[in-house]
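Data first, discussion second: the structure below is written as structure tokens.
No value in this document is a laboratory result; all are computed from the given coordinates. Computed from a predicted structure; not experimentally measured. Here the Cβ positions follow ideal geometry from the backbone for every residue, glycine too, while neighbour counts run over all protein chains shown.
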Amino acid sequence: MAEAEGHVAEPGDWFESLPIEAKHGDFLRRIADLLLTDAVFEGTKPLDVTGGSPVLRWCDPEDMASRLAEHRPSGDGRPATQEQLLAFVRFVVDYSVKTGHPHFFNQLFSSLDPYGLAGQWLTDALNPSVYTYEVAPVFTLMEEEILLSMRKLVFGDGHPSANGGDGIFCPGGSMANGCAINVARYKFAPEVKASGLHGLPRLVLFASEDAHYSIYKMAALQGLGEDGVFVVKTDPEGRMDVGHLESQIDSALAKGYAPFMVVATAGTTVLGAFDPLPKIFKVCERYGLWMHVDAAWGGGLLFSKKHRGLLAGIERADSVAWNPHKLLAVPQQCSTLLLRHGGLLSACHSRSASYLFQKDKFYDTSYDVGDKYLQCGRRVDALKFWMMWKAKGTIGLQKHVDKIMDNIKYFLGQVQRRASFKLVLENPAFANVCFWFVPPRLQGSQNSPEYWSEIHKVAPRIKEKMMKKGSLMVNYQPLRDWPNFFRFVLQNSGTNHKDMDFVLNEIEQLGKYM
Ligand code: ABU
């Protein structure tokens, strides 16, 4: 392999014609070693005397730009050496956030699952695009089987809505919600596919004030407008107020608008609240509206016998968005939209491009499922989930979810026990614990006029400190009239009580003199 080392390739020379193993085997093995040690093993170990890694190495954007510039493709057009490429890979690993680290709690995804990673690597090595059976035979069937298994969990094993329903993988939960809006609208007014919104009454949908912001984006994208989303109030726990939903529907009807859909949420992004699905279903049934459940975050609970009750009523939904890359910790990204109705996705999305979906192929073309998707070229997100499900079993995925919920209970107890923390919701339903940190100087002064404006500044300052130190990542936000508070979320079942204690100790330490 001495020739490959640092080889400066010229187009068409002997090197180009070597088989991949001879040409690049050494390079790929070195990359794999580096990834396994630096990104996987060390990158998911807290920093201590034996090694490990910070969660991140903070760098201001300008500084990062100049560091990245050192690794640009050469300005003189010459290829890089293998050593230069390895140095570049090291740079990428060093300065990327270690989302698999046990002190990364910043988003609704985290963790690094070895089986999921293996599935991801295998997918990338085969580089498929799933539109037709001919180009992706294994993956086409795998996707459909995973979607069916997920529908069984949502609608009930053996229920006609599982076998007779349908589903798609989506590039993220926002797109899953967007496709749900598109399909619901098509069901309400099929002419919209050919004629657009011309001649239709104003179509409107309903979502709670804590529903994901993608609902507005997708309504805007689809010509319904952000104002086409009627906002429904939540109760103090962040759940949709069903009485207000009914009055919002009545008020839309009184204006001559055409309501077609309600978006309920099972696990809101910030508070982790579950809308009352059975009651919402009754309203949808009475008014003839499509019921979509955004369970992008909460859907994984369906694996847990102990906790799936939180999703009671989901089996009545017309559509469900569920992201296994969130609670189940499947590698980014793995998002699905599941429907109780068969054939609707195809009717709504298909265009029958004659260069791809020829009907006179030599095999059963009903396996060319790509036309029910909005995308044409599409990466495979099923294999990593299949791999994890197979490796851990349904029992393993259930244990994963139950451990997260147990750890959350422990974390909640610790927050309650410490005088310097104040909960936003006393009894959070799910894996989101929202709290304020009250620095010593503000403790006992909650009646002073500047108390809440001072509290508002605390979380952003602590966040800056934790990121610059590289010790921890926990997100914060304001919500309604609540000032900035931390949102602790958990999906990494590899974390333990020690990690939970670390979070609170570290915040206390960083915020001591604020
Ligand atoms: N829907 C993406 C959620 C991002 C986050 O808050 O972690």
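Please list, in order along region 420-433, the HN-Hα scalar couplings obtained from phi with the Karplus expression 6.51 cos²θ - 1.76 cosθ + 1.60 (θ = phi - 60°), rounded to whole Hz, x for Gly and Pro.
8, 10, 10, 6, 6, 10, 5, 10, x, 7, 9, 8, 10, 10
Suppose only helical runs count, i.e. DSSP H with n ≥ 4. What mean residue ellipticity at 222 nm does that imply for the chain under -39500 (n - 2.57) per run, divided by all residues and rounded to the nearest 500 deg cm²/dmol? Intermediate results must be reported in sequence, preceding the final value.
On the way: 15 runs with 200 residues, N = 514.
Mean residue ellipticity, 222 nm, calculated: -12500 deg cm²/dmol.
For E16, put the label point 7 Å out on the Cα→Cβ axis and report which residues of region 69-87 keep their amide N under 16 Å from it.
Residues 78-80 fall inside that zone.
Show me the chymotrypsin sites (Phe, Trp or Tyr not before Pro) within region 321-373 that DSSP assigns to loop and that have at most 16 other Cβ atoms within 10 Å of their Cβ.
Working: sites: W322, Y355, F357, F362, Y363, Y367, Y373; in loops: Y355, F357, F362, Y363, Y373.
In loop regions of region 321-373 (DSSP not H, G, I, E or B), the sparsely surrounded chymotrypsin sites (Phe, Trp or Tyr not before Pro) are Y355, F362, Y363.
Count charges around G165 for me, please; just the other residues with Cβ under 9 Å from its Cβ, Lys/Arg as +1, Asp/Glu as -1. Display every interim value, and only then the final one.
On the way: positive: R151, R340; negative: D166.
Within the 9 Å Cβ shell, the charges total +1.
So if we plug the beta-carbon distance of A189 and Y355 into 1/(1 + (r/R0)^6) with R0 = 41 Å, what FRET efficiency do we get, rounded to 0.05? It would help to have the intermediate numbers written out before the result.
Numbers: r = 30 Å, r/R0 = 0.74.
The pair A189/Y355 has a calculated efficiency of 0.85.
Which lysines have a Cα lying under 19 Å from the Cα of K279, excluding residues fewer than 8 positions away in the same chain?
K233
How many percent of all Cα-Cα pairs in region 391-511 sit more than 17 Å apart?
Values: 4210 of 7260 pairs.
Distances greater than 17 Å cover 58 percent of the Cα pairs.
How much length is gained if the chain between E426 and S74 is pulled fully straight, taking 0.36 nm per residue apart and subtracting their Cα-Cα distance, in nm to one decimal? All intermediate terms of the calculation are to be shown ahead of the outcome.
Details: separation 352, 0.36 × 352 = 126.72 nm, distance 5.65 nm.
Gain on stretching E426 to S74: 121.1 nm.
Using DSSP, restrict attention to beta bridges with both residues in region 129-380 and report what percent are antiparallel, rounded to the nearest 5. Let's see the in-between values first.
Values: 11 of 28 bridges.
About 40 percent, rounded to the nearest 5.
Give me the percent relative contact order of region 242-339, please, defined on Cα pairs under 8 angstrom at least 6 residues apart.
Numbers: 161 pairs, mean separation 22.6, N = 98.
The value is 23 percent.
Which order do the peptides 334-340, 161-167 take when ranked by the mean count of other beta-carbon atoms within 10 Å per residue, highest first? Before the final figure, lay out each step's value.
On the way: 334-340: 26.0, 161-167: 20.0.
Highest to lowest by the protection proxy: 334-340, 161-167.
Could you give the distance between the Cα centres of region 239-298 and region 133-189, to the whole Å?
The distance from the Cα centre of region 239-298 to that of region 133-189 comes to 21 Å.
Between L85 and R57, how high is the FRET efficiency from 1/(1 + (r/R0)^6) when r is the Cβ-Cβ distance and R₀ = 25 Å? Nearest 0.05. Provide the component values of the computation, followed by the final result.
Details: r = 21 Å, r/R0 = 0.82.
Efficiency, from the Cβ-Cβ distance: 0.75.
Send over the Kirkwood Rh of region 318-381, from the inverse of the averaged 1/r over different Cα pairs, rounded to one decimal Å.
On the way: mean 1/r = 0.0730 Å⁻¹.
Computed over region 318-381, the radius equals 13.7 Å.
Whole-Hz ³J(HN,Hα) for each residue in region 81-95, computed from phi via Karplus 6.51 cos²θ - 1.76 cosθ + 1.60 with θ = phi - 60°, x for glycine and proline: what do you get?
For region 81-95, the Karplus-derived couplings read 7, 4, 5, 5, 5, 5, 5, 5, 4, 4, 4, 4, 5, 4, 9 Hz, x marking Gly and Pro.
Kindly provide the chymotrypsin sites (Phe, Trp or Tyr not before Pro) of region 192-243 that DSSP labels as loop, not H, G, I, E or B, and whose Cβ sees at most 16 other Cβ atoms within 10 Å. The partial results should precede the final answer.
Details: sites: F206, Y213, Y216, F230; in loops: Y213.
Taking region 192-243 and a limit of 16 other Cβ atoms within 10 Å, the loop chymotrypsin sites (Phe, Trp or Tyr not before Pro) found are Y213.
Which order do peptides 65-75, 272-282, 341-351 fall in by mean Cβ count within 10 Å, highest first?
On the way: 65-75: 10.2, 272-282: 22.0, 341-351: 16.2.
Output ranking for 65-75, 272-282, 341-351: 272-282, 341-351, 65-75.
Give me the one-decimal nm value for the distance between modelled label points at T50 and L34, 7 Å along each residue's Cα-to-Cβ direction.
Between T50 and L34, the simple spin-label model gives 2.6 nm.
Going through the cross-link list K193/K282; K217/K457; K422/K463; K399/K469; K306/K326, which pairs have a Cα-Cα distance over 25 Å in this structure?
Working: K193/K282 29 Å; K217/K457 29 Å; K422/K463 17 Å; K399/K469 33 Å; K306/K326 19 Å.
Exceeds cut-off: K193/K282; K217/K457; K399/K469.
I'd like to know how the chain sits against the 2.2 N^0.38 Å rule of thumb: what's its Cα Rg over that expected value?
Details: Rg = 25.3 Å, N = 514, 2.2 N^0.38 = 23.6 Å.
So the Cα radius of gyration is 1.07 times the expected 2.2 N^0.38 Å.
Roughly what would the spin-label model give for Y213 and M64, points 7 Å off Cα along C-beta, in nm?
Placing both labels 7 Å beyond Cα along the Cβ direction yields 1.8 nm.
Sequence-distant or interchain residues sharing an amide H contact under 5 Å with A258, placed H: which?
Result for A258 returns R202, L203, V204.
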